[in-house]
Amino acid sequence: MDIGIAGLGRMGGNMARRLTRAGVRVVGFDADADVRRALAAESIVDAATLADLVAALPQPRIVWLMVPSGAPTEEAIDIVARSLAPDDLLVDGGNAYYKDSQRRAEVLARRRIRFVDCGVSGGVHGLANGYALMFGGADDAAAMLVPYARILAPAPDAGWLHCGPAGTGHFVKMIHNGIEYGMMQALAEGFALMHNRRDLDLDVAAIAQMWRHGSVLRSWLLDLMSEFLASDRDLVDIAPVVADSGEGRWTVQEAVEQGVPAPVLSLALMTRFASQGRDDYASRLLAMMRKSFGGHAVSRANKPQ
């Protein structure tokens, strides 16, 4: 078994390690030469360029991209496709927009290059625990990926799924991440309500730990919360700023396009925007309107010295 992986960051690098440890010959490329050298010490073949990566693989080749969505993915696909031959397989394992994946599959099909879009979940724990893989593509393309999915997944027969035609893998991953936003937000709000009742002296870390056993709320997210709350209940050194990624926005956009209500997912995304300071101006306007019509006091901002 041979495969090329381009993009050896936290996810791509650990996927390369998991495959290598199972006996797969992995050829790896990353723009950072230090990253490539470090992985070369773990028996991952070092390719200095994307073209070198393709050249180092036997036909039919399988090249798996783990690069950021948008322009980086577009550029990488364009470069790799120039070196691929008919019946080779190109896998996009990044978090691309599913409509882009559908378009890319059509373009590559004209050159008889197989394409699979694969949503990957598992984060930094995937190396040890395995990854959830949801992929889309034609049956023959998906069949080429299955032996590798069986290794990357938590078990050979669980944690991976050929969801349907091209685009469905990234569509399912998009919805997965939208749900993730909502679940995280619900847990955060509930624990904030308990944390704020200082008069009750609630041990939120102990509550999180207890809920992990038998509760209908038990989940991996709760496991992670229990772990970090055990060492820091108040999180005073953590800035209250939460980044958002394309998948959350695309999920809400999909709800609007379908006309399907998704209030929890939408509000979870809006809360992330608010944490980034994107509602600051609106809040200032609200304060000044209250002052203007009702004479209500306003709080003055602390200006930097």
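The values are calculated or read from the model by the stated rules, or taken from the named source; none is laboratory data. Quick caveat, the model's predicted, so the values are computed rather than measured. In this analysis, Cβ positions are derived from the backbone assuming ideal geometry, glycine residues included, and neighbour counts consider all displayed protein chains. Heads up: the accessible areas ignore ligands, DNA and RNA and are worked out on the full protein's heavy atoms, side chains in. Shrake-Rupley method; radii C 1.70, N 1.55, O 1.52, S 1.80 Å.
When the stretch 8-31 is limited to residues that are touching a helix residue (DSSP H, G or I) at 6+ places or on another chain (Cβ under 6 Å) and part of a loop (DSSP other than H, G, I, E, B), the one that is most open to solvent (accessible area, probe 1.4 Å) turns out to be A22. Counting only helices (runs of 4 or more DSSP H) wholly contained in the stretch 32-134, the ones carrying 2 or more residues that are under 24 Å from the mean Cα position of the chain (by Cα) and crowded, with 22+ Cβ neighbours inside 10 Å occupy 71-83, 98-109. Residue-level check: of (1) at pLDDT 95 or above; (2) out of contact with any Leu (no Cβ under 7 Å at 6 or more places or on another chain); (3) assigned to a helix (DSSP H, G or I); (4) open to solvent by less than 70 Å² (accessible area, probe 1.4 Å), A208 misses just (2). Of all residues in the stretch 172-196, those that are over 18 Å from C118 (Cα atoms) have Cβ atoms under 8 Å from Cβ atoms of residues that are among the basic types (K, R) and crowded, with 19+ Cβ neighbours inside 10 Å, 6 or more apart or on another chain, in Y181/R272. Summed over the stretch 135-166, the residues that are surrounded by fewer than 24 Cβ atoms within 10 Å (Cβ to Cβ), small (G, A, S) and part of a strand (DSSP E or B) give a count of 3. Where helices (runs of 4 or more DSSP H) fall entirely within the stretch 231-297, those with at least 2 residues that are over 30 Å from Q209 (Cα atoms) are at 246-258, 280-294.
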